[in-house]
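Engineer: Okay, handing you the structure first.
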Amino acid sequence: MTTETRRGGSWLIDTTEPSDVFTPEKLTDEHRLIAQTADEFVTNEVLPSLDQLEQKDWELARRLVRRAGALGLLGVDVPEVYGGVGLDKTSSLVVSDHIARAASFGATYGAQVNLAILPIYLFGTADQKQKYLPKLASGELIGAYALSESGSGSDALGAKARAVRQADGTFVLNGEKMWITNGGFADVFIVFAKVDGEHFTAFIVERAFPGVSSGKEEHKMGLHGSSTTPLILQDAKVPAANLLGETGKGHKVAFNVLNFGRFKLGAMCTGGAKAAIKEAATYAAERRQFGQPIASFGAIKYKLGEMVARTFAVESLLYRTAGLIDSRVEGSPAAQSTDGSAVLAALEEFAVEASIAKVSGSETLDYVLDENIQIHGGNGFVRDYPAERHYRDSRVNRIFEGTNEINRLLIPGMLIRRAVKGELPLIAAARQLQDEILGGPAALETGGDAPLEQELRTTAAFKKVALMILGTAMQTYGEHLTDEQEVLTSIADIIMAGYASESAVLRALDANARKLAASSLQIDVARVFVNDAAGQIEIAARDALAAMTEGDMLRTTLAALRRLLKVTPINTVVLRRIIAEETTAKGRYPFGA
Ligand SMILES: Cc1cc2nc3c(=O)[nH]c(=O)nc-3n(C[C@H](O)[C@H](O)[C@H](O)COP(=O)(O)OP(=O)(O)OC[C@H]3O[C@@H](n4cnc5c(N)ncnc54)[C@H](O)[C@@H]3O)c2cc1C
């Protein structure tokens with residue numbers, strides 16, 4: 001597979017060729033096969049069981065997890081020596097993308113695969129991997145991840161759960177963990193507690209250990225078919241051999257696992273959005289009002305066009321990131337090792353992109369599901385149609401795996417940390433750019449008739465705006481920048497819109513160069529997305545500049561911003577109509593199989 005080999009975040013500074021970017025159109029036969037397996041499993045076995053799962057039939061949930069194991073869907077990230085199928089990260093993304101149509105089961109699946117299997121694979125000893133991974137990958141054991149507590153969610157390191165080392169090397173754990181997915185029926189928990197009340201540490205805790213029990217099921221807004229309970233540790237006895245990673249290094253386990261979890265949550269959200277577009281398109285074609293299908297109304301076409309454009313952009317950035325992670329793993333000296341070190345390094349490298357995937361994916365999904373209800377009218381508000389269930393199920397995506405506020409803060413925060421460490425030449429690039437734009441007319445060039453030529457230049461300008469605002473923020477606030485959350489959030493919005501826009505444009509250009517049938521529609525979609533992103537980026541950049549500068553400096557920087565973002569609006573009405581009509585004609589999201 002051809003794809004970019006880069007450092008995380010370097011796309012912000014570098015130019016990328018369309019042919020270098022991994023896209024859904026470049027999936028191999030192996031990827032397509034696992035996608036089909038996941039799809040058939042969800043259609044034939046999970047969706048028909050959803051109502052029963054919502055009655056909290058956890059025996060059924062166990063059977064479905066086991067079935068997913070038998071199909072190889074749980075062991076995608078696990079090497080064969082530990083009972084998995086050892087596929088690349090793109091396969092892992094593909095499975096999440098396709099399993100998402102059943103959100104409750106998606107949560108069960110995500111906790112098993114991302115939050116229980118992955119920490120043991122990445123941080124476990126050889127004995128721990130031998131003992132737990134084959135049974136977790138087959139679904140014989142159910143896994144869960146217990147980080148949050150009632151008083152420490154976002155502030156995970158503020159956990160109160162304690163572990164006390166005994167004279168014989170074992171640990172005694174006390175505390176209560178909250179909102180644990182799979183909590184009601186999991187056999188194995190990855191638990192975080194502070195050794196001697198101080199050293200934040202991860203443990204593998206079995207339900208069968210003395211002193212381990214679950215609290216009552218939470219009454220949730222959605223995801224009724226997924227178990228969420230407290231985990232109670234009352235003098236729980238944990239063998240020395242079940243320490244996961246090093247004492248005092250629990251944060252490494254917690255945060256690295258979340259990196260990958262976020263990326264895959266982005267994939268699940270995109271899969272959910274594509275499924276909802278199918279429902280909306282089908283309904284809009286069938287539902288008649290004023291003597292015609294509602295799909296013929298411009299207001300409905302706007303919605304369908306926009307749902308597709310936003311979903312396409314997130315899908316593009318996800319597959320691009322999967323390609324980046326895979327090429328990083330393949331290029332690593334440890335690529336052939338089964339110890340997980342190459343994967344760990346790659347996931348750390350692309351942590352910024354993982355946060356972008358999580359935030360953009362969850363917000364796009366909520367937008368799509370909201371419009372799906374609107375397209376369904378009254379039928380969207382009642383339980384006879386699945387639209388209302390999707391809407392309730394999806395809301396938590398903006399809350400767990402790091403709230404979207406926390407992830408937004410992480411995006412510029414991690415980029416700045418990498419720049420300061422010398423891993424990313426961000427500071428030099430920002431300085432050079434400031435000299436360039438503040439000193440002279442660095443206007444966006446116009447003209448050129450090649451497809452997406454204008455959009456390619458615009459996305460380059462988006463990246464310049466991101467660098468300009470980031471550079472100004474670093475200069476203005478120095479080490480106090482972390483206190484300026486509103487500015488950091490605006491910067492995150494610019495960076496996210498920039499990555500999504502560039503990924504959409506590069507994907508469409510690559511499809512065009514390869515003369516793929518869908519390329520013309522991809523071009524239309526990319527044009528709509530970039531046009532809209534220009535407006536959003538301009539607002540975010542103006543807000544940030546006005547917060548940071550004043551007087552002549554504000555006037556100068558705003559003038560530079562105007563020159564950079566001088567984008568002529570295009571007729572998105574026509575383009576959205578084309579996209580909507582194609583979507584309605586196909587009765588589904590118009591890209592991919
Ligand atoms: C259905 C469900 C399943 C879950 N599954 C699991 C699981 O399997 N394992 C697990 O460990 N946890 C799980 N969680 C917990 C989840 O990860 C936390 O709810 C989440 O991390 C947010 O923590 P909190 O609820 O304490 O919110 P808080 O941290 O109290 O946040 C409240 C608000 O304040 C904002 N905020 C907090 N700190 C900051 C800050 N520094 N700057 C700016 N804004 C801030 C947040 O963004 C949010 O908007 C689950 C939760 C739910 C609802």
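The values are calculated or read from the model by the stated rules, or taken from the named source; none is laboratory data. It should be emphasised that the depicted structure is a prediction, and the values quoted were computed from it without experimental measurement. Please note: Cβ atoms are built from the backbone with ideal geometry, for glycine as well, and neighbour counts cover all protein chains shown. Side chains are part of the model used for accessible areas, which takes the heavy atoms of the whole protein and leaves out ligands, DNA and RNA. Shrake-Rupley method; radii C 1.70, N 1.55, O 1.52, S 1.80 Å.
Engineer: Regarding the stretch 190-291, what whole-number volume in Å³ per residue does the convex hull of its Cα atoms give?
Structural biologist: Taking the convex hull of the Cα positions in the stretch 190-291, it is 156 Å³ per residue.
Engineer: Between 0 and 90 degrees, rounded to the nearest ten: what's the tilt of helix 572-586 against the longest Cα principal axis of the chain?
Structural biologist: 50 degrees
Engineer: Among the GluC sites (Glu not before Pro) in the stretch 444-501, which ones are in a DSSP loop with at most 14 other Cβ atoms within 10 Å of the Cβ? Mind listing them?
Structural biologist: Answer by residue number: E445.
Engineer: In the stretch 490-593, carbon and sulfur make up what percent of the accessible area (probe 1.4 Å)?
Structural biologist: Result for the stretch 490-593: 53 percent of the exposed heavy-atom area is carbon or sulfur.
Engineer: Need one value: the accessible area of R63 in square angstrom, 1.4 angstrom probe, rounded to the nearest 10.
Structural biologist: Rounded to the nearest 10, that gives 140 Å².
Engineer: Could you give the accessible area per residue of the stretch 442-593, probe 1.4 Å, as a whole number in Å²?
Structural biologist: Per-residue value: 43 Å².
Engineer: Share of the stretch 1-123's accessible area from carbon and sulfur, percent, 1.4 Å?
Structural biologist: 46 percent
Engineer: Measure up K177/K237; K464/K566; K421/K463; K463/K566; K194/K249 against 19 Å on the Cα-Cα distance and list the ones that go over.
Structural biologist: The pairs that break the limit, which is 19 Å between Cα atoms, are K421/K463.
Engineer: Another question about this same structure. Of Y385, Y302, which has the most accessible area with a 1.4 Å probe, and how do the rest follow in descending order?
Structural biologist: Sorted descending by solvent-accessible area, the residues read Y302, Y385.
Engineer: Any chance you could give the angle, 0 to 90 degrees and rounded to 10, that helix 453-477 forms with the longest Cα principal axis of the chain?
Structural biologist: Helix 453-477 and the main axis of the chain meet at about 60 degrees.
Engineer: Straight distance only, please: which lysines reach the Cα of K274 with their own Cα at less than 20 Å, same-chain residues fewer than 8 apart left out?
Structural biologist: Of all the lysines, those that pass the test against K274 - Cα under 20 Å, at least 8 places apart if same chain - are K26, K264, K301, K303, K358, K586.
Engineer: Can you list residues whose amide H is under 5 Å from R207's amide H, if they're 5+ apart or on another chain and H is modeled 1.01 Å from N?
Structural biologist: For R207, the qualifying residues are V188, F189.
Engineer: With a cut-off of 8 Å between alpha carbons and a minimum separation of six or more residues, what is the relative contact order of the chain in percent?
Structural biologist: The normalised contact order for the chain reaches 15 percent.
Engineer: For the stretch 306-355, with all protein chains present and a 1.4 Å probe, just round the carbon and sulfur fraction of the accessible area to a whole percent.
Structural biologist: Answer for the stretch 306-355 is 49 percent, counting heavy atoms of protein chains only.
Engineer: Based on alpha-carbon atoms only, what is the radius of gyration of the chain relative to the globular estimate 2.2 N^0.38 Å?
Structural biologist: The reported ratio for this selection is 0.97.
Engineer: Next question. Mean residue ellipticity at 222 nm from the helices of the chain, using -39,500 (n - 2.57) per DSSP H segment of n ≥ 4 over the full residue count, to the nearest 500 deg cm²/dmol?
Structural biologist: When only DSSP H runs of four or more count, the value is -18500 deg cm²/dmol.
Engineer: Using a 1.4 Å probe, what is the accessible area per residue for the stretch 176-272, in Å²?
Structural biologist: 33 Å²
Engineer: Just how much of E349 is accessible, in Å², when a 1.4 Å probe is used and the result is rounded to the nearest 10?
Structural biologist: Surface accessible to solvent at E349 totals approximately 10 Å².
Engineer: Determine how large the accessible area of I570 is when every protein chain is in place; take a 1.4 Å probe and give Å² rounded to the nearest 10.
Structural biologist: Accessible area of I570: about 40 Å².
Engineer: I would also like to ask the following. What is the sum of charges, Lys and Arg at +1 and Asp and Glu at -1, for the other residues whose Cβ falls under 9 Å from the Cβ of L575?
Structural biologist: +2
Engineer: Relative to 2.2 N^0.38 Å, what does the C-alpha radius of gyration of the stretch 483-593 come to as a ratio? Two decimals please.
Structural biologist: 1.33
Engineer: Here's something else I'd like to know. Taking the square root of 5 times each eigenvalue of the Cα gyration tensor, what semi-axes in Å does the equivalent ellipsoid of the stretch 105-189 have, largest first?
Structural biologist: The answer is 22, 19, 11 Å, longest axis first.
Engineer: Still on this structure, I have one more. Under a 1.4 angstrom probe, counting protein chains only, how are D77, D435 ranked by accessible area, largest first?
Structural biologist: Descending order: D435, D77.
Engineer: Then there's this: From the protein chains alone at 1.4 Å, what is the descending order of accessible area for M268, M553, M307, largest first?
Structural biologist: M553, M268, M307
Engineer: OK, next. What distance in nm lies between label points placed 7 Å from Cα along the C-beta direction at Q536 and R32?
Structural biologist: 3.2 nm
Engineer: Okay, next question. On full extension of the chain, what length is gained from K135 through Q374, given 0.36 nm per residue of separation minus the C-alpha to C-alpha distance?
Structural biologist: Gain in length upon complete extension: 81.6 nm.
Engineer: Shifting gears a bit: At most 11 other Cβ atoms within 10 Å and a DSSP loop assignment: could you name the GluC sites (Glu not before Pro) in the stretch 144-200 that fit?
Structural biologist: E198
Engineer: Cα centroid distance between the stretch 61-123 and the stretch 302-333, in Å?
Structural biologist: So the two Cα centres are separated by 20 Å.
Engineer: What does the net charge come to around Q485 if you take all other residues with beta carbon closer than 12 Å to its beta carbon, with K and R at +1 and D and E at -1?
Structural biologist: Around Q485, the surrounding residues sum to -3.
Engineer: In the neighborhood of R63, defined by Cβ-to-Cβ distances under 13 Å, what is the net charge if each Lys or Arg adds +1 and each Asp or Glu adds -1?
Structural biologist: -1
Engineer: Using only Cα atoms, what is the ratio of the radius of gyration of the stretch 29-78 to 2.2 N^0.38 Å?
Structural biologist: Relative to the rule-of-thumb radius for its length, the stretch 29-78 sits at 1.22.
Engineer: D for the stretch 243-353, whole µm²/s, Stokes-Einstein with Kirkwood Rh over alpha-carbon pairs at 10 °C and 1.306 mPa s: what number?
Structural biologist: The Stokes-Einstein estimate is 93 µm²/s.
Engineer: A follow-up question, please. M221 to L47: FRET efficiency via 1/(1 + (r/R0)^6), r the Cβ-Cβ distance, R0 35 Å, to the nearest 0.05?
Structural biologist: FRET efficiency, M221 to L47: 0.95.
Engineer: Okay, moving on. Keeping all protein chains in place, calculate the accessible area per residue for the stretch 351-395 (probe 1.4 angstrom), answer in Å².
Structural biologist: Heavy-atom accessible area per residue stands at 36 Å².
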